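Visitor: Pasting a structure here, questions to come.
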Amino acid sequence: MRYQKGTDRKVTSNWAPKTQMVRAGSMRSDFGEMGEALFMTSAFTYPTAEEAEARFDGRAEGFTYSRQTNPTVAMLEERMALLEGAEIGRATGTGMAAMTASLLCQLRAGDHVVAARALFGSCRWLMDELLPRYGIETTVVDATDLNAWQAATRDTTKVFFLETPANPTLEIADIRAIADMAKSAGARMVVDNVFATPVLQKPLALGADVVTYSTTKHIDGQGRCLGGMILCSKEFDEEFLYPYYRHTGCAMSPFNAWVMLKGMETLDLRVNAMCDNAEYLAEKLSDVLDSVRHPSLSSFAQRDLALSQMTRGGTMVIFELPGGRDQAFTFMNALEMVDISNNLGDSRSIATHPWSTTHKALAEESRLELGITPGMIRFSVGLEDREDIANDVLQALKTAGIS
Ligand SMILES: *Cc1c(COP(=O)(O)O)cnc(C)c1O
């Protein structure tokens, strides 16, 4: 097993992102297979006892056990690391495993975390419930208010955590400015980059220390497998992440890694096509609703900031029905093609009602504080023809009394 001829790290890091998504990290066995091989094996064997000892000592390169690493998983990790501009990638079983590992691996009792208040529901649970349970204090702030980050910082602050654009509000946090503050506070910044995808935004280049993904979303992109990824420096991996990762067992299955490798090959095409469709839908919806949010719209309050750190506005469109939950439900039930689901980044367009599903675990007042209202629809724009998507949404809005 070795990296494909001519694709060592030096060569692949010079490739353009589109090439990396197709080829980076590929390893071929002596059979010369074209497609990446799926290594469904829990453990590995050694030619001699000495070789086993050497691998366990770290003196010899090679695989030992798939809880640590596996060739198929390693291909995905290397592909994503090169694309992100990170030294190391570690694949996890789910996105939440990546979020949890990226935090717990570097924190201990007595430490303090400052986090954006607008987070994916389970990430908010980590802040509000899990970390405090282990003596790690957390403060959540309005991520758009730079003074709030500063004011929340203490001597014990070790981590800044945020997502941008935020789920589901599309609130934008200024990655560079917040990373600068983290640096001067001696804290590390972790960015959940799920909504932007590695195609549209590169947090490490803007000063973040660690980037995390749910690869369940755009990376698979076809609604099949759960997965996550943590991208970081070699130093962070050696000191914090790898010991946590190997001993707590949050590894990704080789099968899921193999599916994700296939997803990566079309990631750039899919994300750009979904952005095209999202821009079109946002424009169309703006004719009938005032509340449409997408960073490409001139009405989007944080448009300049969004487009200074993302190459495009992304694949999610948010809008609000003034009639609240009842009108939102009438709209969703009237959709003929678009699915009602809670996933996102799928090739199929999906409508979600965050109030009653993904963010229901948050107290009502917390939801309202985040700007999540009973009438809000989170729309993940798929790869269908843009007219079919727009027509379905417009006819369902009409049924709900909006035209
Ligand atoms: C989906 C999601 C997660 C969690 O990922 P899973 O793969 O569902 O565990 C975390 N953050 C964001 C922004 C997400 O959209």
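The values are calculated or read from the model by the stated rules, or taken from the named source; none is laboratory data. Owing to the predicted nature of the structure, the values given are computational and were not obtained by experimental measurement. Here the Cβ positions follow ideal geometry from the backbone for every residue, glycine too, while neighbour counts run over all protein chains shown. Calculation scope for accessible area: heavy atoms of the full protein, side chains included, ligands and nucleic acids excluded. Shrake-Rupley method; radii C 1.70, N 1.55, O 1.52, S 1.80 Å.
Visitor: Taking the Cα centroid of the stretch 276-339 and of the stretch 202-223, what is the distance between the two, rounded to the nearest whole Å?
Guide: 22 Å
Visitor: Let me ask something else. List the GluC sites (Glu not before Pro) within the stretch 58-112 that fall in a DSSP loop (any state other than H, G, I, E or B) and whose Cβ has at most 15 other Cβ atoms within 10 Å. Please list the in-between numbers first.
Guide: Working: sites: Glu61, Glu77, Glu78, Glu84, Glu87; in loops: Glu61, Glu87.
When the GluC sites (Glu not before Pro) of the stretch 58-112 are filtered for loop state and at most 15 Cβ neighbours within 10 Å, Glu61 remain.
Visitor: Return the calculated 222 nm mean residue ellipticity for the chain, to the nearest 500 deg cm²/dmol, obtained by summing -39500 (n - 2.57) across DSSP H runs with n ≥ 4 and dividing by the residue count.
Guide: Numbers: 16 runs with 149 residues, N = 403.
Estimated from H runs of four or more residues: -10500 deg cm²/dmol.
Visitor: Dividing the convex hull volume of the Cα atoms of the stretch 3-264 by its residue count, what figure in Å³ per residue is obtained?
Guide: Details: hull volume 34.4 nm³, N = 262.
Given the Cα convex hull of the stretch 3-264, per-residue volume reads 131 Å³.
Visitor: Which listed residue (Trp258, Gly375, His353) has the Cα farthest towards the positive end of the charge dipole for the chain, taking +1 on Lys and Arg C-beta and -1 on Asp and Glu C-beta about the Cα centre?
Guide: Looking along the dipole axis, the top candidate is Trp258.
Visitor: Something else about it: Out of Met337, Met96, Met376, any idea which swings most in a Gaussian network model of the chain, alpha carbons joined below 10 Å?
Guide: Answer for the Gaussian network model of the chain: Met337.
Visitor: Right, here's the next one. Can you check what the net charge comes to around Gln201, using other residues whose Cβ is under 12 Å from the Cβ of Gln201 (Lys, Arg +1; Asp, Glu -1)? Could the numbers behind the result be given before it?
Guide: Details: positive: Arg176, Lys202, Arg312; negative: Glu84, Glu163, Asp192.
Neighbour charge sum, excluding Gln201 itself: 0.
Visitor: Per residue of the stretch 150-162, in order, report the coupling 6.51 cos²θ - 1.76 cosθ + 1.60 (Karplus, θ = phi - 60°) as ³J(HN,Hα) in whole Hz, putting x for Gly and Pro.
Guide: Result, rounded to whole Hz: 4, 5, 7, 6, 10, 4, 8, 5, 10, 9, 9, 10, 7.
Visitor: What is the helix-to-structure angle for 175-185, meaning the angle in degrees between its Cα long axis and the longest Cα principal axis of the chain, kept from 0 to 90 and rounded to the nearest 10?
Guide: Tilt relative to the chain: about 60 degrees.
Visitor: May I ask you to give the solvent-accessible area per residue for the chain, in square angstrom, as obtained with a 1.4 angstrom probe? The partial results should precede the final answer.
Guide: Details: 16900 Å² over 403 residues.
Here the residues of the chain average 42 Å² of exposed surface.
Visitor: Work from the charge dipole of the chain (Cβ charges, +1 for Lys and Arg, -1 for Asp and Glu, about the Cα centre) and give the residue of Ser403, Val210, Leu131 farthest towards its positive end.
Guide: Val210
Visitor: Quick one: P(r) of the stretch 248-334 from all Cα-Cα pairs, 10 Å bins, percents rounded to integers, in order of increasing distance.
Guide: Per 10 Å bin, starting at zero, the Cα-Cα P(r) for the stretch 248-334 comes out as 15, 32, 26, 22, 6, 0 percent.
Visitor: Now for a different question. With +1 on each Lys and Arg Cβ and -1 on each Asp and Glu Cβ, and nothing else charged, work out how big the dipole of the stretch 273-403 is about its Cα centre, in Debye to the nearest 20.
Guide: On the way: 11 positive and 19 negative charges, 56 e Å.
Magnitude of the dipole: close to 260 debye.
Visitor: How big is the charge dipole of the chain about its Cα centre, in debye rounded to the nearest 20, if each Lys and Arg gets +1 on its Cβ and each Asp and Glu gets -1 on its Cβ?
Guide: Working: 39 positive and 52 negative charges, 101 e Å.
Using only the charged Cβ atoms, the result is roughly 480 debye.
Visitor: Would you mind checking the pairs Lys217/Lys262; Lys360/Lys398; Lys284/Lys398; Lys18/Lys262; Lys202/Lys234 and listing those with alpha carbons more than 20 angstrom apart? Display every interim value, and only then the final one.
Guide: Values: Lys217/Lys262 14 Å; Lys360/Lys398 27 Å; Lys284/Lys398 13 Å; Lys18/Lys262 14 Å; Lys202/Lys234 18 Å.
From the list (Lys217/Lys262; Lys360/Lys398; Lys284/Lys398; Lys18/Lys262; Lys202/Lys234), the Cα-Cα distance tops 20 Å for Lys360/Lys398.
Visitor: Roughly speaking, to the nearest percent, how much of the stretch 3-264's 1.4 Å accessible area is carbon and sulfur? It would help to have the intermediate numbers written out before the result.
Guide: Working: 5500 of 10690 Å².
That fraction is 51 percent.
Visitor: Right, another one. Go through the stretch 274-284 residue by residue and turn each phi into a ³J(HN,Hα) via Karplus (6.51, -1.76, 1.60, θ = phi - 60°); whole Hz please, and just put x for glycine and proline.
Guide: 5, 5, 4, 5, 5, 4, 5, 5, 4, 5, 4
Visitor: Taking the dipole about the Cα centre of the stretch 42-89, with the C-beta of Lys and Arg at +1 and of Asp and Glu at -1, give me whichever of Thr48, Leu83, Ser66 is farthest to the positive side.
Guide: Positive-most Cα among the choices belongs to Ser66.
Visitor: A further question follows. Using only Cα atoms, locate the centre of the stretch 127-162 and the centre of the stretch 364-378, then give the distance between them in Å, rounded to an integer.
Guide: Here the two parts' Cα centres lie 21 Å apart.
Visitor: Between Thr45 and Val22, what is 0.36 nm times their sequence separation minus the Cα-Cα distance? Round to one decimal in nm.
Guide: Values: separation 23, 0.36 × 23 = 8.28 nm, distance 3.02 nm.
Between Thr45 and Val22, full extension yields an extra 5.3 nm.
Visitor: Further question: Largest first, how would Lys183, Lys202, Lys10 line up by accessible area (1.4 Å probe)? Before the final figure, lay out each step's value.
Guide: On the way: Lys183 115, Lys202 60, Lys10 160 Å².
The most accessible residue leads, giving Lys10, Lys183, Lys202.
Visitor: Can you divide the C-alpha Rg of the stretch 267-399 by 2.2 N^0.38 Å and report the result to two decimal places? The partial results should precede the final answer.
Guide: Values: Rg = 14.2 Å, N = 133, 2.2 N^0.38 = 14.1 Å.
For the stretch 267-399, the normalised Cα radius of gyration is 1.00.
Visitor: How long are the three semi-axes of the equivalent ellipsoid of the stretch 1-143, in whole Å, if each is the root of 5 times an eigenvalue of the C-alpha gyration tensor, listed from largest down?
Guide: Working: eigenvalues 250, 91, 33 Å².
So the three semi-axes of the stretch 1-143 are 35, 21, 13 Å.
Visitor: Taking DSSP loops as anything outside H, G, I, E and B, show the longest stretch in the chain free of chymotrypsin sites (Phe, Trp or Tyr not before Pro) there with at most 13 other beta carbons within 10 Å.
Guide: Values: sites that count: Phe31, Tyr134.
Of all site-free stretches, the longest is 135-403.
Visitor: Now for a separate question. Within the stretch 32-75, list the trypsin sites (Lys or Arg not before Pro) lying in a DSSP loop whose Cβ has at most 13 other Cβ atoms in a 10 Å radius. Kindly include the intermediate steps, with their values, before the conclusion.
Guide: Details: sites: Arg55, Arg59, Arg67; in loops: Arg59, Arg67.
When the trypsin sites (Lys or Arg not before Pro) of the stretch 32-75 are filtered for loop state and at most 13 Cβ neighbours within 10 Å, Arg59 remain.
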